[in-house]
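The values are calculated or read from the model by the stated rules, or taken from the named source; none is laboratory data. This is a predicted model, so every value here is computed, not measured. Neighbour counts run over all protein chains shown; Cβ positions are idealised from the backbone, glycine included.
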Amino acid sequence: MTADPWTLGIIGGTGMLGYAIAHAILKARTIPPDRLWISNRSGRADGFDDHPDITLTTNNQDLAQGCDVILLSVPPAMADRAVRQLFLSAGTMMANAQPTPAEHVQQMIDYAGTTAAGLEDMRRSTIAQDIAKGLDAAIARTRTIGSS
Ligand SMILES: NC(=O)c1ccc[n+]([C@@H]2O[C@H](COP(=O)([O-])OP(=O)(O)OC[C@H]3O[C@@H](n4cnc5c(N)ncnc54)[C@H](OP(=O)(O)O)[C@@H]3O)[C@@H](O)[C@H]2O)c1
C-alpha cells in the first residue's frame with residue numbers, strides 16, 4: 001500500500017457484521033465510497049442505496065484484485081475454505097511462478113505495504129533462528145531414526 005488512497009474490500013459486506021463495519025467506515029469517512037468494494041453471492045445490496053459509488057460484486061476474485069485490504073466477514077465454514085485456498089494459491093504460486101520465493105518476499109518488502117511491515121518485524125525477530133533450530137532437530141532425528 002502506498003500513501004495514495006487505499007481500497008478496502010469486504011467479502012460478506014452485506015451480512016450483519018460486514019454491513020455494520022461498512023457503514024461505520026463510511027460514516028467516519030475513513031475511506032470514500034468509491035474506495036469501498038463489497039461482495040456477496042446473492043448480489044443483494046440492501047441498505048447501500050445512499051452510496052452508489054461503492055463497488056458491489058458477486059465475484060470475490062475481482063474484489064481481491066481491486067482492493068489493497070480485504071476484510072473477510074463470511075460464515076466460519078466459508079472463512080475456513082478461504083484460508084485453505086490462500087495456502088493452496090501460495091503453494092501453486094511458489095511451484096509455478098517465475099520469481100523465486102525470496103524474490104517474492106523482496107517484491108513485497110519493496111512495495112512497503114502492510115505485508116512488508118509484518119515481514120520486516122519478523123526479520124527483526126528470532127523466527128529465522130527458531131525455524132533453523134527446528135530443521136536441525138529434524139535432521140538430527142534422520143541420523144538416529146534407524147538406530148532407535
Ligand atoms: N454478527 C456478529 O455480531 C458477529 C460477531 C463476531 C463475529 N462474527 C463473525 O463474522 C462473520 C460474519 O457474521 P455475520 O453475522 O455478519 O453473518 P451473516 O449475517 O450471515 O453474513 C454473511 C455474509 O457473507 C456473505 N457470504 C456468504 N458466503 C459468501 C461467499 N462465498 N462469498 C461472498 N460472500 C459470502 C453473505 O451474503 P450472501 O448470502 O448474499 O452471499 C452475507 O453478506 C462470521 O464468521 C461470524 O462468526 C459475527
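Some observations on this one:
- For region 101-148, a tally of residues being surrounded by 10 or more Cβ atoms within 10 Å (Cβ to Cβ) and either of a type in the set (Phe, Trp, Tyr) or under 29 Å from Thr7 (Cβ atoms) (or both) returns 21.
- Any chance Ala24 is assigned to a helix (DSSP H, G or I), more than 30 Å from Asp110 (Cβ to Cβ) and of a type in the set (Gly, Ala, Ser): yes
- Test for Trp37: is it assigned to a loop (DSSP other than H, G, I, E, B), more than 10 Å from the ligand (Cβ to nearest atom) and under 15 Å from the mean Cα position of the chain (by Cα): no
- Filter pass, Val74 being aliphatic (A, V, I, L, M) and more than 11 Å from the ligand (Cβ to nearest atom): no
- Just one of the listed residues (Leu63, Leu88, Leu71) is in contact with a helix residue (DSSP H, G or I) (Cβ under 8 Å, 6 or more places away or on another chain) and in the same structural domain as His23 (by TED's automatic domain parsing), and it is Leu71.
- Region 54-97: number of residues that are over 16 Å from Ser39 (Cβ atoms) and either among the basic types (Lys, Arg) or assigned to a loop (DSSP other than H, G, I, E, B) (or both): 2
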